[in-house]
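> Sending over a structure as structure tokens; questions will come in a sec.
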Amino acid sequence: MTRSPRRTRRMPQVAGAGAAALLALSACSSSDSGSDAGSGSGKAGSDSSASSSSKLSGTVTVFAAASLKESFTTLGKEFEKDHPGTKVTFNFGGSDSLAAGITGGAPADVFAAASPKTMKIVTDAGDASGTPATFVRNQLEIATLPGNPDRISSLKDLTRSGLKVVLCDQEVPCGAAVRKALDASGLKLTPVSYEQDVKSALTKVELKEADAAVVYKTDVRAAGDKVEGVEFPESADAINDYPIALLKDAPNAAAAKAFIELVSSAAGQKVLTEAGFLKP
């Protein structure tokens, strides 16, 4: 009987201690779970952010028509900024030469051609993955010396005697488009030289080695005040579609697909249209 009161006196203490311990444990548990949830969601956000930026890595090799040089260089820098750990390298040139390189085994991830005809070289060889998609179009323009001292105002003016005119090689999309425009207008033009790509043709005028060249509007715009552009109506009959494709044996297919997506996106199209390209 004398022990019972001691038990009854101690039980509330034990219960109180137990409750305190439970509360403390509950608080710790609540704090820990809240911390874990916070840090977990923080980690998830961090991991998600990290994965979105780190899931793409390595080099993306893009073979692209020479006329895409300025706009694709801009898009390449944007891609690298959006995907740290990636690098975009370009091989710009005549589409026919690029196509020959690809079918010959040159390692590349993406091919952007200046005409469906040159893209067909790659697709016929089975070197493209999926169906190429047209992402922009381009129109011809006459590039003259600054100030247009020869007063060139039409395609017919280029046939004048003594005028040094440069054209793209007819195997290059630019040259094929010029030939189409000349045929449509019934004109015959003998240039002083045929160049392997559109930039080479334009350079002849920039260096004053030629009086004029028929190139793309985008190239005239990119040249700034080094040349003057002259539009001609026949160019409407020779607009080139530009297709882009992922290559079958792309060393970095994941990043290549992402680059193609950028080119086709609203942001990519903005860069291209500002460079003078037409929407597909």
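> Can you name the residue in the stretch 81-116 that is within 8 Å of Val62 (Cα to Cα) and of a type outside the set (S, T, N, Q) and, of all such residues, is most open to solvent (accessible area, probe 1.4 Å)? Talk me through it step by step, then tell me what you get.
The first filter runs over the stretch 81-116 and keeps only residues within 8 Å of Val62 (Cα to Cα), leaving 88-91, 108-112.
Checking which are of a type outside the set (S, T, N, Q) leaves us with 88, 90, 108-112.
Details: Val88: 13, Phe90: 60, Ala108: 5, Asp109: 2, Val110: 0, Phe111: 0, Ala112: 0 Å².
The residue in question is Phe90.
> What number goes with the only condition from (1) open to solvent by 40 Å² or more (accessible area, probe 1.4 Å); (2) over 27 Å from the mean Cα position of the chain (by Cα); (3) of a type in the set (Gly, Ala, Ser) that Ala212 does not pass?
That leaves (1) as the condition not met.
> Let me ask another. For residues that are touching a strand residue (DSSP E or B) at 6+ places or on another chain (Cβ under 7 Å) and within 18 Å of Thr118 (Cβ to Cβ), scanning just the stretch 195-209, find the one that is surrounded by the fewest Cβ atoms within 10 Å (Cβ to Cβ). Walk me through it before giving the result.
Taking the stretch 195-209 and keeping what is touching a strand residue (DSSP E or B) at 6+ places or on another chain (Cβ under 7 Å), we get 195, 197-198, 201-202, 204-205.
Within this subset, residues satisfying the condition of being within 18 Å of Thr118 (Cβ to Cβ) are 195, 197-198, 201.
Values: Glu195: 24, Asp197: 27, Val198: 32, Ala201: 31.
Filtering first and then ranking leaves Glu195.
> Can you spot a residue in the stretch 157-167 that is open to solvent by 50 Å² or more (accessible area, probe 1.4 Å) and within 33 Å of the chain's Cα centre (by Cα)?
Taking the stretch 157-167 first, the residues open to solvent by 50 Å² or more (accessible area, probe 1.4 Å) are 159-162, 164.
Now drop any that are not within 33 Å of the chain's Cα centre (by Cα), which leaves none.
For the stretch 157-167, residues open to solvent by 50 Å² or more (accessible area, probe 1.4 Å) and within 33 Å of the chain's Cα centre (by Cα): absent.
> Would it be correct to say that Ala255 is crowded, with 22+ Cβ neighbours inside 10 Å and assigned to a loop (DSSP other than H, G, I, E, B)? Please lay out each step first, then the result.
Numbers: crowded, with 22+ Cβ neighbours inside 10 Å: yes; assigned to a loop (DSSP other than H, G, I, E, B): no.
When the stated conditions are applied, Ala255 does not pass them.
Listed here are the residues, each with its yes/no results for (1) farther than 24 Å from Gly268 by Cβ; (2) free of Cβ contacts under 8 Å to residues at least 40 places away in the same chain.
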| site | (1), (2) |
| --- | --- |
| Gly104 | yes, yes |
| Lys120 | no, yes |
| Asp124 | yes, yes |
| Ala128 | no, no |
| Val165 | yes, no |
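> Being free of Cβ contacts under 8 Å to residues at least 24 places away in the same chain, of a type outside the set (Lys, Arg) and surrounded by fewer than 17 Cβ atoms within 10 Å (Cβ to Cβ): is that true of Gly224 here? Break it down stepwise before answering.
On the way: free of Cβ contacts under 8 Å to residues at least 24 places away in the same chain: yes; of a type outside the set (Lys, Arg): yes; surrounded by fewer than 17 Cβ atoms within 10 Å (Cβ to Cβ): yes.
Yes.
> Follow-up. What number of residues within the stretch 259-280 satisfy the criterion of being outside any strand (DSSP E or B), open to solvent by 20 Å² or more (accessible area, probe 1.4 Å) and of a type outside the set (Asp, Glu)? Please lay out each step first, then the result.
At the first step, the residues of the stretch 259-280 found to be outside any strand (DSSP E or B) are 259-277, 279-280.
From what is left, the residues that are open to solvent by 20 Å² or more (accessible area, probe 1.4 Å) are 260-262, 264-267, 269-271, 273-275, 279-280.
Those left that are additionally of a type outside the set (Asp, Glu): 260, 262, 264-267, 269-271, 273, 275, 279-280.
Qualifying residue count, the stretch 259-280: 13.
The values are calculated or read from the model by the stated rules, or taken from the named source; none is laboratory data. Note that this is a predicted model, so its numbers are computed, not measured. A quick note on method: Cβ atoms are made from the backbone with ideal geometry, for glycine too, and the neighbour counts reach across all protein chains shown. We work out accessible area using only protein heavy atoms, side chains counted, and drop any ligands, DNA or RNA first. Shrake-Rupley method; radii C 1.70, N 1.55, O 1.52, S 1.80 Å.
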